[in-house]
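Peer 1: Would you mind keeping the following structure in view while I ask a few things?
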Amino acid sequence: MLAEAHRIAMTHPRGPVFVSVPEDDWDRPAEPVAPRTVHAEFTADPRALAALAARLDACARPALVVGPGVDDEHALPEVLALAERLRAAVWISPLSGRSGFPESHPLFQGFLPPVADRLTARLEPYDTTIVFVTHDMDESVYVGDRVVVLSPGPGSHVVLDLPLELPADRDQITTRALPEFVALRARVGRAVRGHAPAEEDRTAPEQPLP
């Protein structure tokens, strides 16, 4: 827990982290955490970006869902340029604390509702939807149908390419309580924290993003 808090605190944009420790955990023994390197920046796998670009080039009605990570990483100019180049509709992810896109822009569509059937209805007209969500594992599993985790540091590569086999009809309480949701979130968490992935989590180097 403390190692993860340190990783978050040292990750851009860097800042204080609140750690809440259950009272009974203070009486339990803990194993020392092995030293590890925290990378402040990373770049995406060129093959993954090429596959994503090809998919976007082929779509007729694209949509971008922008999460708060765009604001965290000061990536608004890049997202704005991408949206304008694609003429893509832009939505803000559900329950986002910050808007990562200018709300006065003609491509801005609004804020997605945190209710699965209404969210699906908003995105149904588009043939390809790209979600920009970072720093929130719960949101990535709840909203998406696939999660791709990149390794940190220069020369980043895909360490997890995970289809999310969850019911299409989702809600904040029932879905998050499903054993499948808990298991999927745990697999994403292992990959994000840099733990060696389980055999079913491994991504073959030659596997492209469809």
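No lab work stands behind these numbers, since they all come straight from the coordinates. Everything numeric in this text was worked out from a predicted model, so none of it was measured. Because the Cβ atoms are built from the backbone with ideal geometry, glycine has one as well, and the counts that use them run over all protein chains shown.
Peer 1: In nm, give the distance between the simple-model label positions of residue 53 and residue 115, each being 7 Å from the Cα along the Cα-to-Cβ direction.
Peer 2: Output for this residue pair reads 4.1 nm.
Peer 1: May I pose another question? Which whole-Hz ³J(HN,Hα) couplings does the stretch 49-55 yield from phi under the Karplus relation 6.51 cos²θ - 1.76 cosθ + 1.60, θ = phi - 60°, glycine and proline marked x?
Peer 2: After applying 6.51 cos²θ - 1.76 cosθ + 1.60, I find 5, 5, 5, 5, 4, 5, 5 Hz.
Peer 1: Considering amide H positions built from the backbone, and no H for Pro or chain starts, which residues 5 or more places from residue 164, or on another chain, come under 5 Å of its amide H?
Peer 2: 146, 147
Peer 1: Just flag the trypsin sites (Lys or Arg not before Pro) in the stretch 166-196 sitting in loop per DSSP whose Cβ has no more than 16 other Cβ atoms within 10 Å. Before the final figure, lay out the partial values.
Peer 2: Working: sites: 170, 176, 185, 187, 190, 193; in loops: 170, 193.
Here the trypsin sites (Lys or Arg not before Pro) that fit, given the DSSP loop and packing criteria, are 193.
Peer 1: Starting at the first residue of the stretch 117-122, write each ³J(HN,Hα) from the Karplus equation 6.51 cos²θ - 1.76 cosθ + 1.60 with θ = phi - 60°, in whole Hz, x for Gly and Pro.
Peer 2: 3J(HN,Hα) across the stretch 117-122, in whole Hz: 5, 6, 5, 4, 5, 5.
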